[in-house]
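Notes to accompany the following structure.
The values are calculated or read from the model by the stated rules, or taken from the named source; none is laboratory data. Note that the coordinates shown come from a computational prediction; the quantities given were computed from them, not determined experimentally. Neighbour counts are summed over all protein chains in view; Cβ atoms, including those assigned to glycine, are modelled from backbone coordinates with ideal geometry. Note: accessible area is taken over every heavy atom of the protein model, side chains too, but ligands, DNA and RNA are not part of it. Shrake-Rupley method; radii C 1.70, N 1.55, O 1.52, S 1.80 Å.
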Amino acid sequence: MLKSIKADIDTALRLDPAARNWLEVLLTYPGVHAVWGYRIAHFLWQIKLKLLARIYSNWIRAVTGVEIHPAAKIGKRFFIDHGMGVVIGATAIVGDDVMIYHDVTLGAKSGGSGKRHPTIGNQVVIGAGARVIGDISIGDGVKISANMVVTKSVPARTSVDSSEFFVI
């Protein structure tokens, strides 16, 4: 656990030019706090304490403004810059070294059971206000610009900055 905390702080220091030192990140970064809260809730979910996991993740949402379902699967060195308004659904899968900005949604296109949320590859950057919706795949190294609505899968090492991956 301490290794993971250190890695998350190091990631924030590496990715956020405004981060001045480890103590500042430790005490004042709600995106980092949300990830730590998610990791605890996810552990509770995995050991079948699902109600406790949901209660704890709801408390983390109230404190940080970030809602990550405890059933979601999130990789290493995940960084949420600014935090507020981020929503990550239950069947979302997020790879390693992913950075997202505030007000991002990794959401479902419809209700029902089964896989409903996106799978995000490694080294992906998702800009502020972006919506990535449905059971789609976002390839490794993809960059999604701010306020994009993505409803189709995106191949690796692509920049999404137009309506090419949007469908109604």
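Within the set LYS6/LYS50; LYS3/LYS152; LYS6/LYS143; LYS3/LYS143; LYS6/LYS152; LYS73/LYS115, which residue pairs have Cα atoms separated by over 24 Å? Pairs exceeding 24 Å: LYS6/LYS50; LYS3/LYS152; LYS6/LYS143; LYS3/LYS143; LYS6/LYS152.
Placing +1 on the Cβ of every Lys and Arg and -1 on the Cβ of every Asp and Glu, with nothing else charged, gives the chain a dipole about its Cα centre of roughly 580 debye.
At q = 0.12, 0.20, 0.22, 0.24 Å⁻¹, what log₁₀ I(q)/I(0) does a Debye calculation on the Cα points of region 88-168 give, no solvent, two decimals? Normalising to I(0) and taking log10 leaves -0.27, -0.77, -0.95, -1.14. For region 86-140, the dipole from Cβ point charges (+1 on Lys and Arg, -1 on Asp and Glu) about the Cα centre works out to 300 debye, to the nearest 20. Principal axis extents of the Cα atoms in region 41-113, from largest to smallest and rounded to whole angstrom, are 30, 27, 23.
Translational diffusion coefficient, Stokes-Einstein: compute it for the chain using the Kirkwood radius over C-alpha pairs as Rh, at 10 °C and 1.306 mPa s, and state it as an integer in µm² s⁻¹. It diffuses with D of about 100 µm²/s by this estimate. Taken as Cα centroids, region 27-63 and region 1-24 sit 19 Å apart, rounded to the nearest whole angstrom.
A cut-off of 5 Å between modelled amide H atoms, ignoring neighbours fewer than 5 places along the same chain, links VAL160 with LYS143, ILE144, SER145. When the charge dipole of the chain is built from unit charges on Cβ atoms (+1 for Lys and Arg, -1 for Asp and Glu) and taken about the Cα centre, the candidate among ILE60, PHE43, VAL87 whose Cα reaches farthest toward its positive end is PHE43.
The accessible area of GLU67, taken with all protein chains in place and a 1.4 Å probe, comes to roughly 90 Å².
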